[in-house]
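The values are calculated or read from the model by the stated rules, or taken from the named source; none is laboratory data. Being a predicted model, the structure only gives us computed values, none of them experimental. Neighbour counts run over all protein chains shown; Cβ positions are idealised from the backbone, glycine included. Side chains included, ligands, DNA and RNA excluded: accessible areas come from the protein's heavy atoms. Shrake-Rupley method; radii C 1.70, N 1.55, O 1.52, S 1.80 Å.
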Number of protein chains: 2
Amino acid sequence: MFSPENRFRDYLKKKGLKFTPERRLILKKVFSLHGHFDADKIYDEMHKKNRKLSRATIYRTFPLLVESNLVKETLRCQKRANYEPVFGYSHHDHLICINCGRVIEFRNDLIEHLQEKVCKKYRFEPLEHRLGIKGYCQKCAGKRQRR
Amino acid sequence: MFSPENRFRDYLKKKGLKFTPERRLILKKVFSLHGHFDADKIYDEMHKKNRKLSRATIYRTFPLLVESNLVKETLRCQKRANYEPVFGYSHHDHLICINCGRVIEFRNDLIEHLQEKVCKKYRFEPLEHRLGIKGYCQKCAGKRQRR
DNA sequence: TTCTAATTGAGAATCAATCGCAATTAGTAG
DNA sequence: CTACTAATTGCGATTGATTCTCAATTAGAA
């Protein structure tokens, strides 16, 4: 009963917006990629499959997906905005290579637990957190040494 | 003996670069602000004080300040790149109240340590990390309950 | 089936950041 | 101190991502 599409339809209806073929396609593509994506990625994938749709539509659809809590924007490492699905995926944090853009996902329960403790200490009620570590991945760190 | 300027001079000399008046001015401004800044902030501050210098020079100087470990780029959540000084400032993370905007700074060495361990595990060379927890501060959480 | 507000695509506009180039200059070597 | 040269500057043009404008189209309620 619960699927990204259902949630998206509900959200759109509640807002008086329409569930168009374009929005359905973008939604499907987003959830078929199983990972991070950006506007260009979606654009290219669509055009590869011969389904043309404009960049404007893609850029207009992303905020709706975020608002309906289906995806979230990740900490941006480069210039372009990057997203990842949240519906059906569990929480994790990121290592972001500032050279090649590679993103390594990790989950550390002890860190999560300590965050909760910090919140308790300050009587802070957490809703969401982001932990991003920027640096060089193994490959790029190696290349740097050799310079 | 150790000052941002000394460190910057050393860095520039080591790289065969020059310590120009423009670079000195930018450096001074950056460290007189005691907080986050971006290219436009520096540009405006300069022009307020009647010291004109071009945006290009500012954009060209920031990477040098980062490379010499005087400032760091914060993980960007908005469009424009944002920086903060590191020389003379100690690391901290943030609890951010999404209701009143209050920012609580905290430091937890165990979390820091665990982050290092994660990096080691993935052979990732960390340069900078940012942990932000969004939610409600004590005051605002209280108000919410009563609603 | 009708009607209307929402949506689309295409291209123009915007905004941050970078680049190319001619004129200038810091700082080293005499 | 002077000459020299590679680095630097400002300017304006350029790039690249994203947003906007607007006429034509369409989802979906009535």
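Results, tabulated for the structure shown:
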{"item": "Reachable lysines, given that their alpha-carbon falls under 28 Å from the alpha-carbon of residue B:139 and they are not under 8 places away in the same chain", "result": "A:72, A:117, A:120, A:121"}
{"item": "Global form of segment A:63-115, assessed from the alpha-carbon gyration tensor, a/c cut-off 1.5", "result": "oblate"}
{"item": "Accessible area buried at the A-B interface, both sides summed, 1.4 Å probe (Å², nearest 100)", "result": "3500"}
{"item": "Peptide B:131-139, shielding by other chains (average Cβ, 10 Å cutoff)", "result": "6"}
{"item": "Proximal lysines to residue B:49, defined as alpha-carbon separation beneath 18 angstrom and excluding residues fewer than eight positions away on the same chain", "result": "B:28, B:29, B:41"}
{"item": "Binned Cα-Cα distances of chain B, short to long, each 5 Å bin given as a whole percent", "result": "2, 8, 15, 16, 16, 14, 12, 8, 5, 2, 1, 0, 0"}
{"item": "Overall dimensions of the protein assembly as shown by Cα: Rg and Dmax, Å", "result": "22.0, 67"}
{"item": "Kirkwood Rh and Cα Rg combined as Rg over Rh, evaluated for segment B:4-85", "result": "0.94"}
{"item": "Gaussian network model of chain A, springs between alpha carbon atoms under 10 Å - residue of A:82, A:99, A:108 with greatest fluctuation", "result": "A:108"}
{"item": "Cα gyration tensor shape for segment A:22-67, rounded if a/c is under 1.5, else prolate or oblate", "result": "oblate"}
{"item": "Listed residues A:134, A:139, B:134 arranged by accessible area, highest first, probe 1.4 Å", "result": "A:139, B:134, A:134"}
{"item": "Accessible area per residue, Å², the protein assembly as shown with all protein chains present, probe 1.4 Å", "result": "61"}
{"item": "Chain B - percent of accessible surface contributed by carbon and sulfur, probe 1.4 Å", "result": "51"}
